[in-house]
Each structure stands twice: as C-alpha cells, then as structure tokens.
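Written out below as structure tokens is the structure these notes cover.
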Amino acid sequence: MGTTLHNPVTVNNFLNYLKFEKRYAENTIVAYGEDLQQFFAYLQERFSMREPVLADIAAAYIRSWLASLKENKNSAKTINRKISTLKSFFKYHMRTGQLEQSPMTTIISPKIPKRLPVYVEQRDTDTLFRYVEFPDTWSGKTDRLILSIFYNTGMRLSELVNLKESQVNTSANTIKVLGKGNKERVIPVSAELIKEIRDYIAEKKRALESADPVYLLVNEKGRKLYTKYVYLAVNKYLSAVTTIDKKSPHVLRHTFATHLTNNGADLNAVKELLGHSSLAATQIYTHNTIEKLKDIYKKAHPKA
C-alpha cells in the first residue's frame, strides 16, 4: 500500500528532515510547508485526489498546477521556488524508500528574466564629486570618502566597513581587499583617491582622540562604522544627484563596473576588480553596455 499524503506524519517527517538534518532556517521550512499544502489542496480540488498515493502523482498533475500558478500571475522566481520544494519533497521520499521514481524528472523550470543592474549615470557621478557640497565636519569628510572609495573600487559594503589602514598601499596606489571566502584582491586606484585617504588618516589622528587605529573609516567618536551608517550616507548623497529607485552601496558597485565596461574595459579585468569567482557573474554588465549602444543608435542614426 502506498503512502498517503493526508497523513501529517509524511509531511512532518520531510519538514523535520529539513529542520534537523539539513538545518534549514525556520522561515524556509515554513515556506516549504506552505508550498506543499498549496500543491495538495490543488490536487484535491482539481483532480479529486483526496488521499493521493505518492506513485500516483504524475508529472501531468504537477504541470497543471504550475500552469495555474502562471495564470494567477505568479512570477517565474516564485514558480521556480515551488518546483524546488517539490523536487526536494519527492527526492526525500525516494531516499527513504517510499517512492521509486520522482515525477519531477521531466519538469522544466521557467527562465527568470535577467534584471539589468541599476547604476548611476556618469554625468550624475560627475555632479556628485564636483558640485555636491559635503559639510566641513567629520561626518562630511567621512561621507565623501565613503562615496569616493565605493565609486573608485567597486568594493562591497562589508569590505568597506572592514577596510583597514594597513590595506591601503599609498606608495603603490593600491588597496588590498578581503572579499568573500577570505579571498584577497588588489585594486589599483588613482593618486587622487590615495591623497584623500592620506588626508583623512592625518585628520583622524589630529582631530579625534582615541580614534580606532586599525580601521580606516570611523565615526565622530572614532569608532568603526556600522553598515547602516554607510547605507544611509550613500542614500542621502545619491538622492541629491539621481532619481533611480535604488540608492545603495551595491548600486555604486554596479556603477563602478558599468562605467568601466561602457568605457571599454576588458571583462576579465572587471571580474578581477569585483572579486567575482566566475565570469558569468560579471557578464551582466555587458548587457548594460549593449542597452547603452542601442540607445545611442536610436538617438543618432537617421534610419533608427
């Protein structure tokens, strides 16, 4: 006799497996449970499968459910997550010997459309650094350096708040960054940025008593910056020069990479500068370049 899915032990065993063996987060387990509940409710309502046997759940039933999700305007990302839930569920039951073959083998996940990275236009970054006035206070000096470092290096928020004075090589005009998985990369920077950093360190020693001697960027009390402080500072100053929806440190990382590719930088070089493990992650910036070229073509070509 097959396993019936209206026996809560069956689903609970799977969710307990996720909790205790896979050690998934509580929110993730709740999401899996809700997906399964929705799927079995659909089988009962659409196919009158009140107590379906595992082996009786054909791929056709699953496709029917996925089609209904699409009709109800669920995104490709949401549908893919639900497919992932079912794959894990049936795989678990194969592992425990309650099922011989998964019905998911012929199910194809919908493609998620790639979203182009949001970035700040070059004219707006020019405005930011040439014309926006930063207060002549410690916070003003810190905020300007935060924005300069982000735009000149493309580093991540976590990399910036953990940036140490010792990682800045003022004689070689480079900054060593400790990225994901403790992977080091060396970023060449302009003499102008190095001067900004030098001046900031000198001012820190002069103006702030007991300032943190290790980390480069500190608040007015001389303590290492919180990520929230950095986020709010970036948001504040980007709001002065651009109307894009997202105004975060990560947008400045996208801006750094997009401006490089728009100006002809080699993609492998951009990959190394960003600290990406594979070229696939960097290739998204070429799409921005293509979109830019299309825009120029439409505006400039008489036959466009």
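Every read-out reported here was derived from the displayed coordinates using simple, explicitly stated rules and does not represent laboratory data. Just so we're clear, the structure is a prediction, and the values are computed from it rather than from any experiment. Cβ sites come from the backbone with ideal geometry, for glycine too, and all protein chains shown count toward neighbours.
Here are a few things to note about the model shown:
- Three principal axis extents describe the C-alpha atoms of the stretch 94-193; from largest down they are 70, 32, 24 Å.
- Computed from Cα positions, the angle between helix 26-47 and the longest principal axis of the chain comes to roughly 40 degrees.
- For the chain, size of Cβ-based charge dipole, Lys and Arg +1, Asp and Glu -1, in debye: 360
- Shape annotation for the chain: C-alpha extents along the principal axes are 80, 62, 32 Å, from largest to smallest.
- Three principal axis lengths of the stretch 177-244 [C-alpha, angstrom, descending]: 39, 29, 27
- Cross-link pairs beyond the 22 Å C-alpha cut-off, checked among LYS180/LYS228; LYS22/LYS70; LYS114/LYS228; LYS271/LYS298; LYS73/LYS298; LYS141/LYS224: LYS22/LYS70; LYS114/LYS228; LYS271/LYS298; LYS73/LYS298
- Percent of alpha-carbon pairs separated by more than 14 Å within the stretch 65-124: 66
- Theoretical gain in end-to-end length, SER171 to LYS228 [0.36 nm per residue, Cα-Cα removed]: 17.3 nm
- Sequence-separation-based contact order of the stretch 173-304, relative, with Cα cut under 8 Å and 6+ spacing, percent: 14
- Kirkwood Rh in Å, taken over the stretch 122-300 so that all alpha-carbon pairs contribute: 17.2
- Whole-Hz ³J(HN,Hα) from phi, Karplus 6.51 cos²θ - 1.76 cosθ + 1.60, for the stretch 161-172, glycine and proline x: 5, 9, 5, 9, 4, 5, 7, 9, 9, 6, 7, 9
- With viscosity 0.890 mPa s and temperature 25 °C, the Kirkwood radius over alpha carbon pairs of the stretch 1-128 converts through Stokes-Einstein to a diffusion coefficient of 149 µm²/s.
- The angle separating the long axis of helix 76-95 from the principal Cα axis of greatest extent in the chain is about 50 degrees.
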